[in-house]
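The values are calculated or read from the model by the stated rules, or taken from the named source; none is laboratory data. As the structure is a prediction and not an experimental result, all values here were calculated from the model. Cβ coordinates were reconstructed from backbone atoms using ideal geometry, including for glycine residues, and neighbour counts include every protein chain displayed.
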């Protein structure tokens, strides 16, 4: 004879076990960052729920003793009448993983520290460490969510301290790289002065400098200014300022970046680098005197490119002192000599047009020449590129600007 046996399993039919405690104080530590949460803070990522539970030696809160929280058949054959008298309704606080995930994402922004590269300077002709590097830190979000959820689900104390997992992020450049890369001395430097620049132009110059700090160029590597510059728009932190574009001088995000490219160009020239691409501005710009040693850039072209033709790596660093911008190239000198002749103004028109030239000659330590280049500049009259007064405020959104960019402009120019 075949006998069918049915087994019932109900999660709430559990003897009176110890329940997790909702902490009143929760201290979170991630690296050297610490944050303490109150019971109110904790309640924001806890979920309150009610359920039925049997508790020995406790009188039932359910007046109907025949009440069965599951099937009648199960209660009749599996639970005694006295046991059913211990059924209670309990309120429990359980972790809300979705809320915890949001909390951890916000916490990660506080915990995260970007690494800071070492800063070098030159003392008595030698490269020294001006500011040591700093390690970065990043919160491991997924593991932190799992850990915090588990701690809150099984808390046994009202006061809890939790160490959240983090990972260390190393800077790109550290003090030991000075010897490893052969960054022993100043190879060359370039200067420009941006006195008289409007505030947006100065802001864009400083913003663009962030893209060119601590760049390392390997031997025989070709440097591209546009490559390191990246995107230039309001989304990437630039402000509108005058640029030369489409035969006119017009406000556009990033105006003033050519101050940076021109200074890099001069540093490369005086370091004896081989220039592979450079274009002068359409007309003489007062920020780039002496005229003839400027380099205009625009994404994707024109670009400023040159080859590191030294035997070792070259480090690029920049500084601003007052209104003077300086780029310095550090590396190992190979005995070369660099001679710059000019720039010379070949002709100057009454309308402001101008033609200039300068030459770069580089010889090795044996005196043999390996670079002899001339850089010609043909500047047109500024009158051919009409532009609004620099204090003029735009009253309508220029073509190509997004609504977000236009909104940011209006915030700056109410």
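Some points to look at:
- Among the conditions (1) touching a residue at least 60 places away in the same chain (Cβ under 8 Å); (2) more than 18 Å from residue 193 (Cα to Cα); (3) surrounded by 16 or more Cβ atoms within 10 Å (Cβ to Cβ), residue 301 misses just one, which is (3).
- Residue match in region 133-151 (condition: more than 19 Å from residue 30 (Cβ to Cβ), at pLDDT 90 or above and within 20 Å of the chain's Cα centre (by Cα)): yes
- Taking the criterion of being farther than 17 Å from residue 273 by Cβ, at pLDDT 90 or above and either crowded, with 17+ Cβ neighbours inside 10 Å or in contact with a helix residue (DSSP H, G or I) (Cβ under 8 Å, 6 or more places away or on another chain) (or both), the residues of region 204-225 that qualify are 204, 205, 207, 208, 209, 211.
- Selection count where residues are more than 17 Å from residue 295 (Cβ to Cβ) and assigned to a helix (DSSP H, G or I), scope region 215-236: 3
- Residue list for region 330-354, filter: buried (at least 17 other Cβ atoms within 10 Å of the Cβ) and in a strand (DSSP E or B): 330, 331, 343, 354
- Selection status of residue 326, modelled with pLDDT of 75 or more, under 33 Å from the mean Cα position of the chain (by Cα) and not in a loop (DSSP other than H, G, I, E, B): yes
- Matching residues in region 140-171 - criterion: being surrounded by fewer than 13 Cβ atoms within 10 Å (Cβ to Cβ) and closer than 30 Å to residue 215 by Cβ: 167, 168, 170
- Verdict on residue 315 being within 15 Å of residue 189 (Cα to Cα) and modelled with pLDDT under 95: yes
- Total residues in region 267-291 satisfying the condition of being assigned to a helix (DSSP H, G or I) and closer than 19 Å to residue 201 by Cβ: the figure is 3.
- Checked against the criterion of being under 37 Å from the mean Cα position of the chain (by Cα), touching a residue at least 24 places away in the same chain (Cβ under 8 Å) and either closer than 15 Å to residue 190 by Cβ or buried (at least 17 other Cβ atoms within 10 Å of the Cβ) (or both), the candidates 363, 309 yield just one match: 309.
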